[in-house]
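What follows is a short report on a single structure.
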Amino acid sequence: MNKEKRTPVIAGNWKMNCDRTKAKELVAQLKESISAPECGVVLCVPYTNLETVLELTKGTCLKVGAQNCHWAGSGAFTGEISASMLAEMGVEYVILGHSERRQYFGETDETVNQRLRAALDAGLKPILCVGEVLSQREQGVTQEVVCQQTKIALGGVTEEELGRIIIAYEPVWAIGTGRSAGPEDIMKAHTLAANLLEKHFGRVREVPLLYGGSVKPENAATILALDNVDGVLVGGASLQAESFTKIVTA
Ligand code: PGA
């Protein structure tokens, strides 16, 4: 399947930002500035904003996602939120395996796989994040890392379920640093992920591959024009309506 056939996706990851007042303001501005995009637009907001943002985006082109979910349906997991709880609210997407979860909260490839399974079972659309840290890049093992993270996370996923997954390649050294990966690095990782998917599932790729890491209005068009790049996952620049809109229209 060539690039034109996959719907591009621009996803904003608000991380732990925006209180309710700011969330309402931002969504109101985005509703004004983004009306008929040629791509899917997803806002991944903190749990506490989900209900508000779901309500405000009803009937618009803006979709809503959470930033994580637990693998169990319910139980003694203080502080966690299950996939079915998100689905019940009407949440459509969920980010899984973000490097900040892996780095600060002990997320492993195996737990990412468990969370992904639960998200799929609940009918959610996972945005799976993979990417190498700086030391791995310097050791020249980026390809191996991306390959391992993707393979383990997708363990047990069926062909039908694959159609609901989005993969975001986010080199950890490029996240929040202002230093995005160069076109060559992005193409290499994306080609690898594309080949892996085709080999693993034995057919032409439908899964959108996003790039994430210091995406800004200034570099979005260049990144989005690359082969095998079907969208972007945006952190910092998704917190301002102006910059996020510019990326969506890029
Ligand atoms: P950034 O974050 O755009 O601020 O680098 C991207 C991400 O963490 O998803």
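We did not get these values from a lab; they are worked out from the coordinates using the rules stated. Only a predicted model underlies this, so the values are computations on that prediction, with no experimental measurement involved. Because the Cβ atoms are built from the backbone with ideal geometry, glycine has one as well, and the counts that use them run over all protein chains shown.
Non-local amide H neighbours of G40 (under 5 Å, H modeled in plane, Pro and chain starts lacking H): which ones?
Here V9, I10 satisfy the definition.
Longer than 32 Å from Cα to Cα, which of K58/K216; K15/K151; K15/K188; K24/K125; K58/K199; K151/K216 are they? Say none if no pair is.
Values: K58/K216 27 Å; K15/K151 25 Å; K15/K188 27 Å; K24/K125 24 Å; K58/K199 38 Å; K151/K216 29 Å.
Result: K58/K199 exceed 32 Å.
Cα centroid distance between the range 1-57 and the range 129-166, in Å?
Each part's Cα centre sits 25 Å from the other's.
What range in the chain is the longest one free of trypsin sites (Lys or Arg not before Pro) that are in a loop by DSSP and have at most 12 other Cβ atoms within 10 angstrom?
Maximal segment without exposed cleavage sites: 59-178.
Helix-only estimate, please: 222 nm mean residue ellipticity of the chain, summing -39500 (n - 2.57) across DSSP H runs of length 4 or more and dividing by its residues, to the nearest 500.
-12500 deg cm²/dmol
Select from the range 99-203 those chymotrypsin sites (Phe, Trp or Tyr not before Pro) which occupy a DSSP coil region and have at most 15 other Cβ atoms within 10 Å, ordered by residue number.
Taking the range 99-203 and a limit of 15 other Cβ atoms within 10 Å, the loop chymotrypsin sites (Phe, Trp or Tyr not before Pro) found are F105.
Please work out how much length the chain gains when fully extended from N195 to E160, using 0.36 nm per residue of separation minus the C-alpha to C-alpha distance, in nm with one decimal.
10.8 nm
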